[in-house]
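Asks: One structure is given below, represented as structure tokens, and several questions about it will come after.
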Amino acid sequence: MRVAAAQLRCPLLDPATGVRKVLDSLRSAAARDVHLVAFPEAFLSGYPVWPMITDGARFEAGVQKAAYAAYLDAAVELDGPELRQVAEAVSDLGVFTYLGITERGAGPGRGTVYCTLVALAPGRGVVSAHRKLMPTYEERLVWGTGDGHGLRVHEVAGMRVGGLSCWENWMPLARHALYAGGSDLHVSTWPGGPALTRDITRFIALEGRMYSLAVGAIIDYADVPAGFPLRQRMLDSGETSPYTGGSAIAGPDGKWIVEPVDGEERLLVADLDPAAVRGARQNFDPTGHYARPDVFQVTVNRTRLTAAHFQD
């Protein structure tokens with residue numbers, strides 16, 4: 001199985017440009033006979049970079065409301081034109097895709113943005129949409145909390161693949177849910193940076209006795225579009241963006257196949273051997289012969305949560 005991590009400069013709040021970059025990367029991946037390509041967390045339409053450097057927690061601040069409204073407007077919907085374009089390309093090119101999006105809720109939930117990891121399969125479109133279980137720290141000022149509906153694994157080129165976003169990769173039971181689905185490859189998506197990916201990527205590989213692929217973006221505050229209400233304040237803060245990529249791939253033995261890449265736009269490609277996963281589980285299988293279900297019972301609620309259930 002050949003996989004790729006698409007480490008790209010993120011076009012903040014610009015979903016049209018983001019889609020073009022995704023399609024370009026899918027074409028490049030297909031030209032290299034890649035079976036699966038992963039894109040960073042919230043790549044469409046960008047990670048919320050402003051709250052921690054612009055006093056984002058100030059209650060009823062008009063400029064913060066305006067910034068959120070702009071972010072909500074730039075978010076994409078699961079049945080919207082952006083994902084339709086990506087789904088068509090996935091089918092045409094035959095490349096299974098994990099894509100981080102900022103998802104605008106449907107129907108009465110249209111005022112909420114979710115950090116969602118979408119899986120798209122050739123000929124099937126969106127096969128799972130995992131809303132991040134718990135936004136981290138200042139992210140909670142922007143993103144809604146998710147549910148377990150997207151905690152699913154998928155068959156791709158003879159291997160089973162699951163994925164999580166950013167710090168939910170540190171949640172033991174979230175990892176366990178995907179291990180219990182039989183994952184051979186774990187995809188973790190990030191806003192970007194080796195400090196985020198260097199430890200957890202290898203840890204997941206060792207804990208799960210599986211391949212572990214991390215993908216992060218490159219984000220420059222100067223790329224915030226001119227009309228964004230907090231752009232000048234961000235630039236005047238003097239803060240340097242810490243989001244510099246950090247994409248990497250580790251093997252089931254925890255050793256690097258591709259060490260974290262910093263500050264460079266590129267497609268990281270690696271060939272994975274399913275036999276290496278089977279061999280690594282000879283002495284440890286976290287949801288197999290090491291699971292002890294007689295002692296530990298885990299229930300995963302994969303219901304898509306909604307505000308109301310209407311009975312007519």
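Asks: Go through (1) in a loop (DSSP other than H, G, I, E, B); (2) open to solvent by 40 Å² or more (accessible area, probe 1.4 Å); (3) in contact with a helix residue (DSSP H, G or I) (Cβ under 7 Å, 6 or more places away or on another chain); (4) not aliphatic (A, V, I, L, M) and name the single condition P48 misses.
Replies: Unmet for P48, out of (1) in a loop (DSSP other than H, G, I, E, B); (2) open to solvent by 40 Å² or more (accessible area, probe 1.4 Å); (3) in contact with a helix residue (DSSP H, G or I) (Cβ under 7 Å, 6 or more places away or on another chain); (4) not aliphatic (A, V, I, L, M): (2).
Asks: Name the single residue that is surrounded by the most Cβ atoms within 10 Å (Cβ to Cβ) among those in the stretch 65-74 being touching a Leu at 6+ places or on another chain (Cβ under 9 Å) and in contact (Cβ under 8 Å) with a residue 40 or more places away in the chain.
Replies: The residue in question is A67.
Asks: Check E88, E103, E41, E82 and return the single one that is part of a loop (DSSP other than H, G, I, E, B) and at pLDDT 95 or above.
Replies: The match here is E41.
Asks: Which members of the stretch 2-29 meet the condition of being part of a strand (DSSP E or B) and either surrounded by 19 or more Cβ atoms within 10 Å (Cβ to Cβ) or without any contact (Cβ under 8 Å) to a residue 24 or more places away in the chain (or both)? Walk me through how you get there before you give the answer.
Replies: Keep residues of the stretch 2-29 that are part of a strand (DSSP E or B), which gives 2-7, 9.
Passing the criteria: V3, A4, A5, A6, Q7.
Asks: Given the criterion exposed (fewer than 14 other Cβ atoms within 10 Å of the Cβ) and among the hydrophobic types (A, V, I, L, M, F, W, C), identify the matching residue among V269, V224, V215, V298. Reasoning before the result, please.
Replies: Working: V269 fails: exposed (fewer than 14 other Cβ atoms within 10 Å of the Cβ); V224 fails: exposed (fewer than 14 other Cβ atoms within 10 Å of the Cβ); V215 fails: exposed (fewer than 14 other Cβ atoms within 10 Å of the Cβ).
So the residue among V269, V224, V215, V298 that is exposed (fewer than 14 other Cβ atoms within 10 Å of the Cβ) and among the hydrophobic types (A, V, I, L, M, F, W, C) is V298.
Asks: Restricting attention to the stretch 40-54, does a residue exist that is out of contact with any Ser or Thr (no Cβ under 6 Å at 6 or more places or on another chain) and either free of Cβ contacts under 8 Å to residues at least 12 places away in the same chain or farther than 19 Å from T136 by Cα (or both)? Outline the logic, then answer.
Replies: Kept after step one, since they are out of contact with any Ser or Thr (no Cβ under 6 Å at 6 or more places or on another chain), are these residues of the stretch 40-54: 43-44, 46-52, 54.
From the residues that got through so far, the ones that are either free of Cβ contacts under 8 Å to residues at least 12 places away in the same chain or farther than 19 Å from T136 by Cα (or both) too are none.
No, the stretch 40-54 has no match at all.
Asks: Still on this structure, please answer the following. Given the criterion farther than 16 Å from N169 by Cα and open to solvent by 40 Å² or more (accessible area, probe 1.4 Å), identify the matching residue among R152, R84.
Replies: Working: R152 fails: farther than 16 Å from N169 by Cα.
Being farther than 16 Å from N169 by Cα and open to solvent by 40 Å² or more (accessible area, probe 1.4 Å) holds for just one of R152, R84, which is R84.
Asks: Something else now. Which numbered condition in (1) open to solvent by less than 20 Å² (accessible area, probe 1.4 Å); (2) more than 23 Å from H130 (Cβ to Cβ); (3) of a type in the set (D, E, K, R) is the only one that E41 fails?
Replies: Unmet for E41, out of (1) open to solvent by less than 20 Å² (accessible area, probe 1.4 Å); (2) more than 23 Å from H130 (Cβ to Cβ); (3) of a type in the set (D, E, K, R): (2).
Asks: Give me the residue from the stretch 197-233 that is among the charged types (D, E, K, R) and more than 30 Å from L178 (Cα to Cα) and, out of that set, nearest to the chain's Cα centre (by Cα). Quick ask: steps written out before the conclusion?
Replies: Step one: of the stretch 197-233, the residues among the charged types (D, E, K, R) are 198-199, 202, 207, 209, 220, 223, 231, 233.
From what's left, more than 30 Å from L178 (Cα to Cα): 220, 223, 231, 233.
Values: D220: 19, D223: 21, R231: 25, R233: 28 Å.
That would be D220.
Asks: Just to be sure I understand, how many residues within the stretch 274-305 are in contact (Cβ under 8 Å) with a residue 60 or more places away in the chain and either more than 19 Å from L178 (Cα to Cα) or hydroxyl-bearing (S, T, Y) (or both)?
Replies: So the count comes out to 3.
Asks: Six or more apart or on different chains, Cβ under 6 Å: which pairs go from a residue in the stretch 87-109 that's on the phi < 0 side of the Ramachandran plot and touching a residue at least 60 places away in the same chain (Cβ under 8 Å) to one that's among the charged types (D, E, K, R) and open to solvent by less than 20 Å² (accessible area, probe 1.4 Å)? Could you list them?
Replies: G100/E41
The values are calculated or read from the model by the stated rules, or taken from the named source; none is laboratory data. In this text the structure is predicted, and so the values were computed from the model without any measurement. Neighbour counts are summed over all protein chains in view; Cβ atoms, including those assigned to glycine, are modelled from backbone coordinates with ideal geometry. Remember, those area values only see protein heavy atoms, side chains included, never the ligands or the DNA or RNA. Shrake-Rupley method; radii C 1.70, N 1.55, O 1.52, S 1.80 Å.
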